[in-house]
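J.: Provided herewith is a single structure, encoded as structure tokens, for subsequent inquiry.
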Amino acid sequence: MKKQLLLLALPLALLSACQEGSSGDEEKTALQDKVMAVHDEAMARMDDTHKLRRALRSLQDSLQTAQADTATLQPLAQELSGLEKADEAMMAWMHQYQAPDSLEHEQAMDYLQDQLQKIERVQTLMDSTLEAAQSTLNKYEQEK
């Protein structure tokens, strides 16, 4: 009787363990997908940063040729620096990120939570920098 009970309990325990592992894998995959979705959104803005940098540099060159004073040029230099920092932050995040394939579930979840916070900070930096740079560019274009 005990052997029969054990034979019934063992497959149920294994099935339960497999389902828990599957749920953990789904949770990990969902979090990893969220990290990558934020990355993809921020990455899509990289083209905007490059276009804006070109426009600001062009404006800066024109103003320097016209011998504009430092007070006029300083905001452009500041926005260019901000865009470069946002770009560098994205590159640094991508360089350090590694898919947590070899980590245990809890370690992988902790790692992914940390990465989500990091990439969200990069995205926030990129968004605020783009907004400020575009505003500065618009201001100079209106003054023309």
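J.: For segment 106-115, what are the residues that are more than 18 Å from MET91 (Cβ to Cβ) and surrounded by 15 or more Cβ atoms within 10 Å (Cβ to Cβ)?
T.: Across segment 106-115, the qualifying residues are ALA108, MET109, TYR111, LEU112.
J.: Examine segment 56-70 for a residue that is over 12 Å from the mean Cα position of the chain (by Cα), farther than 23 Å from ALA132 by Cβ, at pLDDT below 95 and in a helix (DSSP H, G or I), and state whether such a residue exists.
T.: Checked against the condition, which is being over 12 Å from the mean Cα position of the chain (by Cα), farther than 23 Å from ALA132 by Cβ, at pLDDT below 95 and in a helix (DSSP H, G or I), segment 56-70 yields at least one hit.
J.: Something else: Could you please tell me which pairs satisfy a Cβ distance under 6 Å, a separation of 6+ or placement on different chains, a first residue in segment 98-113 that is on the phi < 0 side of the Ramachandran plot, and a second residue that is at pLDDT below 95 and outside any loop (DSSP other than H, G, I, E, B)?
T.: Hits for this filter: HIS105/GLY24.
J.: Something else about it: Tell me, which residue of segment 38-51 that is of a type in the set (A, V, I, L, M) and surrounded by 12 or more Cβ atoms within 10 Å (Cβ to Cβ) is nearest to GLU84 (Cα to Cα)?
T.: It comes out as MET46.
J.: Restricting attention to segment 61-80, does a residue exist that is buried (at least 16 other Cβ atoms within 10 Å of the Cβ), polar (S, T, N, Q) and under 21 Å from MET126 (Cβ atoms)?
T.: No, there is no match, as no residue in segment 61-80 is buried (at least 16 other Cβ atoms within 10 Å of the Cβ), polar (S, T, N, Q) and under 21 Å from MET126 (Cβ atoms).
Per-residue answers, yes or no, for (1) outside any loop (DSSP other than H, G, I, E, B); (2) aliphatic (A, V, I, L, M):
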position: LEU80; (1), (2): yes, yes
position: MET90; (1), (2): yes, yes
position: HIS95; (1), (2): yes, no
position: ASP101; (1), (2): no, no
position: LEU112; (1), (2): yes, yes
position: ARG121; (1), (2): yes, no
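The values are calculated or read from the model by the stated rules, or taken from the named source; none is laboratory data. All values reported here derive from a predicted model rather than from experimental measurement. Here Cβ is always computed from backbone atoms with ideal geometry, including for glycine, and neighbour counts include all displayed protein chains.
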